[in-house]
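What follows is calculated from the coordinates using simple rules that are stated; it is not laboratory data. Keep in mind the model is a prediction, meaning the values are calculated, not measured. We place every Cβ from the backbone using ideal geometry, glycine too, and count neighbours over all the protein chains shown.
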Amino acid sequence: MKYIQKMIKAVFLMLICLGFCVSVSAASEAGFQGAGTKDDPYQIGSYEDLCRFRDNVNNGKEYENVYFSQTADIDLQKKEWTPIGVGGCHFMGTYDGGGHSIENLVIQNKKKDIAYGFFSSLGGCVANIKLANGDIKGDLSGGIAGTAVGDKACIINCYSNVHVKGMRSGGIAGNFKDGYIVGCINTGEIQGKESCSIVGSSSSVKVYASYSTGKKKLMQKDVVSATSDTIEKSDLTDDGFVKKLNVLSGLSGYLYKNFANVQIKQWQIENNELTYSDATTWSTIWGFVNYDLLLVLLLIYIVYFVAKRYRNKDKDFWEMFHKEVKANCLIFGIVSVFLDTALFTRTILDLRIGNSLFVILSNLIAVYCLIMWILHAKFHKIVKPMQHIPFLIVVVICIVLQIVQFNVVPKYDASLYYGSLMEGAKQFNMGLLSYLGNFVCWKWIHGLALFLAPFEFIAPASIRSVYLANIFITVITLFLLYNMLKGLYVKITPLISALVCAYLVLCPYSVGMMSYLCMDIHLVFFGIWLMYAIYKRNPMMIGFCGFLLTYTKITGMVFYVFVLAVMVLYELSDIEEYGLIKSFCVWFKPGKVLTYISPVLTYMIFFVVGDYFTIQSFLGTYVSDTAIKLKTGVGMLNIIFQSFIFGFRWLIPAIILIIGICAIKKAKNVQILTQDGLRMLTALVIGSLFVFILFCIYNGDAECPRYTAIFNVLFTFLFAFMLGCIRKKSVLQKVIAFLVVILLAVQTFVSIDPFVVILSEPIKTGKVKLYKHAMPNDDRDTMVLRAEDDGKPSESDLYVHNLEYFYEDDLIDQMLKTISPKNERFYVLDMLEYELHISGSYHRQYKIYWDPDKQCRTYNDQGTDKEYVNVTTITTTYLTSEKFKYFVSSNNRVYLIVPARIKEKEALGAIQKCGYDITNRYKFENMYGYMTVYEVTSQKDFEY
């Protein structure tokens with residue numbers, strides 16, 4: 001027994017010793033105090049610690065997901081500093097300066113292959129650090145960091161007072177491609193031909209609320225940051241400016257939480273100098289907004305709902321609240337699906353008591369209202385199901401037309417739309433500020449994101465979110481329209497209602513844009529939702545639809561405001577027994593009015609300060625100072641023809657004038673519209689008129705036809721009105737309805753509108769012509785993409801928005817399936833690659849990859865089998881010059897893509913004359929056109 005006890009003691013002592021040895025070994029391996037976690041970071045407290053940290057990184061330790069904290073000011077003693085992250089090594093962890101400073105930083109090196117800065121190659125996060133003074137010289141250099149690695153690199157809340165000199169230098173960073181620079185301040189002198197006071201180069205860097213003194217520009221022109229500015233040194237000791245810095249530092253701590261995940265320091269003035277502070281006031285305030293604000297608003301609404309029910313306890317529950325129950329079921333159902341899919345699919349979750357309770361309550365309300373809805377549903381009223389077969393056929397056809405586009409990749413600026421949605425879904429972490437900051441797409445798409453993001457959570461970067469969400473939204477829209485028509489038009493038959501639904505989807509710039517991620521199409525759908533909510537007199541649904549319209553695009557807000565204003569005036573006119581003022585007092589109910597105006601009020605607030613809630617920024621995000629300006633003559637013609645003529649839009653008014661008026665003369669007492677229908681049509685006309693005025697004064701870089709898609713709501717109701725004009729002649733009514741729908745269905749595949757064919761400028765695709773939806777005399781560069789030396793028009797998004805628009809996607813997929821690229825280089829001859837859209841967005845923030853397993857293109861770069869298809873434009877002029885030798889890549893094989901309308905004879909002759917071989921010729925074609933691809937190889941070794 002004693003022997004066993006001794007053995008147990010010996011084993012126990014051995015385990016203790018082993019644990020001690022392991023802990024000592026781990027500490028010695030790290031060389032720092034702490035555990036490297038967020039709560040117990042490795043501590044950097046001396047010059048020796050900092051050098052050890054630097055040497056570890058430069059010896060290959062990336063420290064990914066490891067935390068470091070600087071615990072004291074460190075003097076580098078003006079010794080030559082070797083940057084952290086050189087020789088192909090990167091720092092991928094988090095370095096929190098803790099408000100401490102680095103003094104006497106000196107880097108004097110002129111090697112061109114190294115990015116210089118306190119950090120050289122940064123793939124992680126640096127926060128709360130102050131470079132008190134120093135000198136950096138290097139061709140590519142920045143105060144805090146030289147260059148970024150990957151899309152997680154972040155410099156946040158840092159201060160640099162270092163003199164930086166270099167060709168592409170920046171006060172905070174040199175070339176920080178794909179990285180983030182947040183809330184930083186530079187007061188150091190910057191020198192160099194391409195130098196800037198914040199970041200030296202790279203259009204894809206995101207710069208947020210950063211400031212610099214001096215006369216140097218903040219960043220290059222292709223970097224957009226509406227929140228950053230040049231300041232005077234005196235501002236740094238101004239109480240008002242310091243308060244602004246603290247507001248933004250507290251806000252950025254939550255907006256960029258996924259990147260930094262450290263406590264962002266606030267600022268204070270001490271000894272007439274700007275320094276870091278230990279205060280957390282604004283962090284606490286923004287923490288409440290992020291985690292608890294929505295919960296508080298929801299609890300207020302629940303209390304209001306219960307109190308309202310208690311005041312009317314003698315009345316039947318369903319009689320009082322059936323509208324609210326249905327609205328709650330839909331609204332909280334959509335919100336719950338959004339939150340639940342995020343909750344179960346996100347790897348990044350920032351859950352606290354407030355937002356956790358909000359998720360739980362949203363689900364409970366949605367389920368409760370659904371149960372109440374089912375219990376009180378009047379199923380016995382569903383009669384004659386066979387009469388709804390035409391509608392079901394229309395729904396199936398619409399779904400099929402959308403499924404046909406499932407292999408289409410969002411192209412041109414739509415890749416920026418989708419890329420922004422993709423990035424936002426990836427970064428969303430269950431906080432309100434995360435929702436506001438991430439779902440940004442040419443301003444805000446928070447309304448549309450409620451539908452798209454859940455699918456993106458489930459199938460990230462696969463573009464399935466666009467396809468599936470569009471089907472979901474389309475089916476709901478058709479159901480609402482179908483049920484609404486019978487209440488707005490007198491004696492409308494189920495068949496005619498079904499054809500009107502088909503007309504809505506087949507309208508121009510509609511079905512052919514389903515996979516584009518075109519917010520203008522979604523405005524059409526949400527516009528129908530709004531009309532249905534007004535028809536049902538449901539204030540809550542009206543406000544929700546206002547949110548969807550307003551937070552999808554600004555034209556949606558204009559549409560919502562004026563349509564609702566007309567309907568409110570009608571409601572006031574119904575209160576006949578009082579004067580205008582008393583009628584308004586009777587109509588006015590604070591809850592209802594607040595519901596109506598809250599989307600617009602919040603949008604106006606965000607329009608002024610919204611840039612500070614935006615962490616995604618790219619070209620086109622911000623409205624220029626000259627955007628609101630009456631269009632030129634040709635621009636006005638474009639808007640008129642795109643709005644009311646092109647795409648058979650002229651057809652409905654023409655038929656109304658020719659047939660409708662004649663029918664009305666013969667039967668003057670025939671009522672076509674109900675009172676609700678007349679009011680709604682009037683509201684649509686006025687709302688559309690003000691949208692048209694907005695188009696006329698919005699002086700954007702192009703008058704894209706898809707902007708006018710919102711008019712499809714009006715044209716759909718006019719189509720129903722036209723058919724109502726000839727209701728007595730039912731055969732003629734059906735014939736015209738079918739002819740118009742068939743005409744639009746054909747237009748979906750081929751451009752046949754005579755106004756388009758006669759007036760528009762075409763391009764040849766090899767089999768058909770694509771027509772520009774703009775005046776032929778509009779030759780502005782921003783209206784037509786042109787090849788560098790060719791001068792022929794390219795297919796920008798001014799061309800017809802039907803399925804012809806995507807003919808090249810099929811050709812590209814055929815090419816990639818045949819060639820199966822492996823690091824090959826592709827060139828497009830005499831035409832901007834932007835037109836074909838093989839590689840991704842123009843500035844390549846969001847790249848497109850080829851998935852050989854699924855045989856499709858994707859934005860998902862996960863997996864070793866994904867191949868980035870490297871494509872650029874090359875011109876015949878370039879190939880016939882002496883520079884052509886750069887044409888063939890290092891593996892002596894490239895592919896030359898020649899679209900149908902490009903003449904390749906001269907270019908191919910120049911290639912062969914200089915010793916290259918054309919070893920293969922591929923021709924890919926479909927019903928719309930073709931393109932030729934040449935495989936070019938070389939047996940020569942050129943001196944590059």
- Item | 10 Å-binned pair-distance histogram of the range 176-237 (Cα, whole percent) | 24, 58, 18, 1
- Message: Using 27 Å as the Cα-Cα cut-off, could you pick out the over-long pairs in 38/426; 38/111; 411/443; 130/244?
- Response: 38/111
- Does anything in the range 191-224 have its amide N under 19 Å from the 7 Å Cα→Cβ label point of residue 108, and if so which residues? 191-192
- Separation between the residue 386 and residue 348 pseudo-spin-labels, each 7 Å from Cα along Cα→Cβ, expressed in nm? 5.8 nm
- Message: What FRET efficiency comes out for residue 690 versus residue 406 if R0 is 51 angstrom and r is the Cβ-Cβ distance? Round to the nearest 0.05.
- Response: 0.90
- Output the antiparallel fraction of DSSP beta bridges having both residues in the range 803-938, as a percent to the nearest 5. 70 percent
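Mean residue ellipticity at 222 nm from the helices of the chain, using -39,500 (n - 2.57) per DSSP H segment of n ≥ 4 over the full residue count, to the nearest 500 deg cm²/dmol? Walk me through the numbers before you get to the answer.
Values: 29 runs with 424 residues, N = 944.
Rounded to the nearest 500, it is -14500 deg cm²/dmol.
Fewest Cβ neighbours within 10 Å first, please rank 681, 829, 375, 448 accordingly.
Details: 681 20, 829 23, 375 8, 448 27.
Final ranking by Cβ density, sparse to dense: 375, 681, 829, 448.
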- In nanometres, what is the gap between the two model label sites at residue 191 and residue 374, each 7 Å from Cα along Cα-to-Cβ? 7.6 nm
- Task: Determine which aspartates and glutamates satisfy two conditions relative to residue 215: a Cα distance under 17 Å, and not lying fewer than 8 residues away in the same chain.
- Result: 189, 194, 229, 232, 235
- Query: What is the count of Lys pairs in the range 803-938 whose alpha carbons sit under 18 Å apart, if the two are 8 or more places apart or on different chains?
  - Reply: 14
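How do the peptides 335-344, 293-302 rank, highest first, by the average count of neighbouring beta carbon atoms within 10 Å per residue?
Ranked by mean Cβ neighbours within 10 Å, highest first: 335-344, 293-302.
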- Item | Principal-axis tilt of helix 807-819 within the chain, Cα atoms, nearest 10 degrees | 40 degrees
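Give, in nm to one decimal, the length gained when the segment between residue 862 and residue 757 is fully stretched (0.36 nm per residue of separation minus the Cα-Cα distance).
Working it through step by step, the gained length comes to 33.3 nm.
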- Quick one: angle between helix 590-609 and the longest Cα principal axis of the chain, in degrees between 0 and 90, rounded to 10, please. 50 degrees
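Would you list 281, 493 from fewest to most Cβ contacts within 10 Å? The partial results should precede the final answer.
Numbers: 281 12, 493 19.
Ordered from fewest to most neighbouring Cβ atoms within 10 Å, 281, 493 come out as 281, 493.
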- More than 20 angstrom apart: percent of Cα pairs within the range 36-231: 46 percent
- Task: With only Lys, Arg, Asp and Glu charged, each at its Cβ (+1 for the first two, -1 for the last two), find how big the charge dipole of the chain is about the Cα centre; round to the nearest 20 debye.
- Result: 3060 debye
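Say R0 is 56 Å: what FRET efficiency, to the nearest 0.05, do residue 226 and residue 731 get from their beta-carbon distance?
Working: r = 60 Å, r/R0 = 1.06.
Calculated value: 0.40.
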- Item | Interatomic Cα distance distribution for the range 479-590, bins of 5 angstrom, percent | 2, 11, 17, 18, 19, 15, 9, 5, 3, 1, 0
- Message: Just to be sure I understand, if you calculate volume of the Cα convex hull per residue in Å³ for this structure, which of (i) 271; (ii) 218; (iii) 248 do you get?
- Response: (iii)
- the range 123-188, Rg to Rh (Cα coordinates; Rh as Kirkwood inverse mean 1/r): 0.94
- Taking the Cβ-Cβ separation of residue 472 and residue 822 as r and a Förster radius of 41 Å, what is the calculated FRET efficiency to the nearest 0.05? 0.60
- Sort 409-420, 706-717 for me by packing, meaning the mean count of neighbouring Cβ atoms within 10 Å per residue, highest on top. 706-717, 409-420
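For every other residue with a beta carbon closer than 12 angstrom to the beta carbon of residue 129, add +1 if it is Lys or Arg and -1 if Asp or Glu, then tell me the sum.
On the way: positive: 130, 265; negative: 73, 96, 103.
Its environment carries a net charge of -1.
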- Query: In nanometres, what is the gap between the two model label sites at residue 64 and residue 634, each 7 Å from Cα along Cα-to-Cβ?
  - Reply: 5.2 nm
- Helix 539-550: inclination vs the chain longest Cα principal axis, degrees, rounded to 10, gives 60 degrees
- Note on the structure: Of the range 547-589, those with amide N under 17 Å from the point 7 Å along the Cα→Cβ vector of residue 311 are 585-589
